[in-house]
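To start, the structure under review is shown below, and the notes come after it.
Quick note: the coordinates plus some simple rules give every number you see, no bench work behind them. For clarity, every value in this text was computed on a predicted model and none was experimentally measured. Cβ placement follows ideal geometry from the backbone for every residue including glycine, while neighbour counts extend to all protein chains displayed.
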Amino acid sequence: MFNVMVVHQFKGYFWRPVAATITLTVPAGAARPASPVGPDLGQYRLNLMAFCKDHNARSQKYKANTPMAITITTFKDNTFEFTVKSPSVI
């Protein structure tokens, strides 16, 4: 079985093994370490407060409680990076 690797810049370029990819829908400006974010990220031993603060800062420009699609890539060294997709227009 092959390990999935990702090139990531962190003090230069190097390979980091990916532990998981998580897809969540979190309201804009309302990420908290409680359910549903806490249990989903806690099982990968990620820093919940860092995620919540970063997500809330990135989603300030959107109307409060607008559902945001988030893709989180977790690495085996318990670090993560995530992308926030713009809310869909209905």
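Assorted remarks:
- The overall shape of the stretch 20-85 is prolate: from the C-alpha gyration tensor, with semi-axes ordered a ≥ b ≥ c, the ratio a/c is 1.5 or greater and a/b exceeds b/c.
- Of the chymotrypsin sites (Phe, Trp or Tyr not before Pro) found in the stretch 31-84, no site is in coil according to DSSP while having at most 14 other Cβ atoms within 10 Å of its Cβ.
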